[in-house]
Amino acid sequence: MASKVLIVMGSDSDLDHLLPAVDTLKELGVAVEVTVASAHRSPDRVVAIARAARSNGFGVVLAAAGGAAHLAGVFAAHTTLPVVAVPIAVGTLGGVDALLSSVQMPGGVPIASVGIGSGRNAGLFAAAILGSSDASLAERLDAFRSRQEAKVVDADVKLQAKLAARA
Ligand code: RP5
């Protein structure tokens, strides 16, 4: 069963935005690998990685790029694995350019996209995709949601105490 997540970044300068995805996937016990490949600076490398991704055991790809981001779309052109874009904020347009490049793919080779710089959500979404055919991972995702919910409840308890102290 394909159980690994591949994170491909257009530049090593994108890494900080992807670390939350790496950390989240590790927390969920999902194997993840990160590599750099640029659709315009190293197009042959992107094609080679994309074509080998499925046979290398990957089930989902997160493709992060900034500017006129085309990495996710180019990657998806060379694999039928699900590809999720992570638009990165660089330059004068603050990531809106990368977001629109990601969500406005012409018909035929779809990709999904998370929000600008949303590495954590990208990791969670990749886990959800793999979890759709992995009951054990689905259970870990349920446990993650429960921990997350408990933090909200805990925050509310503290908030109520703080407000009561002001009265
Ligand atoms: C994109 O250009 C990369 O994904 C990065 O977000 C942006 C800037 O790259 P560097 O100039 O920092 O290498 O292709």
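Read-outs: derived from the displayed coordinates by stated rules, not from any lab. Please read all numbers here as calculations on a predicted model, not as lab measurements. Virtual Cβ from ideal backbone geometry, glycine too; neighbours counted across all protein chains shown.
Report the net charge of residues surrounding residue 34, where surrounding means a beta-carbon distance below 13 angstrom and charges are Lys +1, Arg +1, Asp -1, Glu -1. Let's see the in-between values first.
Values: positive: 4, 26; negative: 12, 14, 16, 23, 33.
Every neighbour counted, the sum reads -3.
To the nearest 10 degrees, how steeply does helix 43-53 sit against the main Cα axis of the chain, on a 0 to 90 scale?
Once rounded, the angle reads 70 degrees.
Sequence neighbours fewer than 8 away in the same chain don't count; with that in mind, list the lysines whose C-alpha is under 21 Å from residue 4.
Cross-link targets: 26.
Run lengths n ≥ 4 of DSSP H only: what is the helix-derived mean residue ellipticity at 222 nm for the chain, with -39500 (n - 2.57) per run over all residues, to the nearest 500?
On the way: 6 runs with 83 residues, N = 167.
Result for the chain, helices only: -16000 deg cm²/dmol.
Could you give me the radius of gyration and the Dmax of the range 66-146, taking only the C-alpha atoms into account and expressing both in angstrom?
In order Rg, Dmax, the Cα atoms of the range 66-146 give 14.2, 44 Å.
Any idea how far apart residue 3 and residue 42 come out in nm if each label point goes 7 Å out from Cα toward Cβ?
2.8
With springs only between Cα atoms under 10 Å, which of 87, 106, 20 fluctuates most in a Gaussian network model of the chain?
106
Cβ neighbours within 10 Å, averaged per peptide: list 33-41, 109-117 in order, most packed at the top.
Values: 33-41: 16.2, 109-117: 18.3.
My ranking of the peptides, most packed first, is 109-117, 33-41.
I need the calculated FRET efficiency for the pair residue 52 and residue 144, taking r as the beta carbon distance and R₀ as 25 Å, to the nearest 0.05.
On the way: r = 30 Å, r/R0 = 1.21.
After rounding to 0.05, the efficiency reads 0.25.
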